[in-house]
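Engineer: Take a look at this one; I'll ask things after.
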Amino acid sequence: MLLLGDRVNEALDELEKSFKISDTVLQLRLKATLLEHFNGIYNVKLCTCFEDILKKDPTCSNTLARIVVMHQRGDYNTEKLAEMIALHLDATYAKSDMWKELSSCFLRLRLCGDDRMSCSNGKDGHNQASFCHSKQILDISTNIASGKNWRLRCRWWLNRHFSHSILLSDIATGDLELLTYKAATASHLYGREFKFIIKVVEYLEKENIMELYSYLQTHIMNSIGFYFNMKRDNS
């Protein structure tokens, strides 16, 4: 009734009151559906709503797809998108499009770091530049807890997404895009010497899949491998 009377804010207030009693995924989806109908007027609230849905149900690919669309429109930032995709990958074995999106997030962050920082000073310039660029990607959030979460995630994903058995399984499926985009993501997490990446490069060369090979090489050439860099820094 409030919506029929064009009393949108009051309708949202009523929803918020109900959330204080019970904040379920269904209610959040209802709120998101309502907010989507107002042509970007409530983008901040909509972004928060989508994030809350994914935090409660990280397997929800439809919600993540909507966040990706908002990012493509310039209504959602790259750091947060990387966080949301990673949350989804913690809970699922996603298709190639989400791995491509995550690798693209890391590449954009790296290139933005190159544009914004000049860290090469003196004889330690190369090491300092490497540290700064890895920090640019690692600091997906200024929250210290986020950096810790990424360290734990990288360690876990070594077995969950990037083990030798997973590599063989991915090759067996014949989904070369999945294989390539996972390797591209891995290059930013673990660096170009990571065995999963080396094997994928060799496979694409052997099969002469030059378009995907070129895509992967772009990421490898701009990779940092912040997980292993960080382990060295902390040792």
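Engineer: Applying a 10 Å radius around every beta-carbon, put 166-176, 47-57, 218-228 in order of their mean neighbour count, most first.
Structural biologist: Descending mean neighbour count gives 218-228, 47-57, 166-176.
Engineer: Considering only the other residues whose Cβ falls under 12 Å of the Cβ of TRP99, what net charge follows from Lys and Arg at +1 and Asp and Glu at -1?
Structural biologist: So the surrounding residues net to -2.
Engineer: Another question about this same structure. Give me the percent of Cα-Cα pairs in region 162-201 that sit more than 13 Å apart, rounded to a whole number.
Structural biologist: Of all Cα-Cα pairs in region 162-201, 42 percent lie more than 13 Å apart.
Engineer: Right, another one. Run the simple label-point estimate for SER214 and ASP97 please: 7 Å along Cα→C-beta, distance reported in nm.
Structural biologist: It works out to 2.4 nm between the two label points.
Engineer: From the phi of every residue in region 94-102, what ³J(HN,Hα) in whole Hz does the Karplus formula 6.51 cos²θ - 1.76 cosθ + 1.60 yield, where θ is phi - 60° and glycine or proline is x?
Structural biologist: Karplus-based 3J(HN,Hα) across region 94-102 equals 6, 6, 4, 4, 6, 5, 5, 5, 5 Hz.
Engineer: Right, next: Can you flag which of LYS45/LYS80; LYS80/LYS100; LYS80/LYS199; LYS55/LYS148; LYS100/LYS195; LYS95/LYS199 are past 22 Å Cα-Cα?
Structural biologist: In this structure, LYS80/LYS199 exceed 22 Å between Cα atoms.
Here, each number is a calculation from the coordinates, and none is a lab measurement. Quick caveat: nothing in here was measured; it's all calculated off a predicted structure. Cβ: placed from backbone, ideal geometry, glycine included. Neighbour counts: every protein chain shown.
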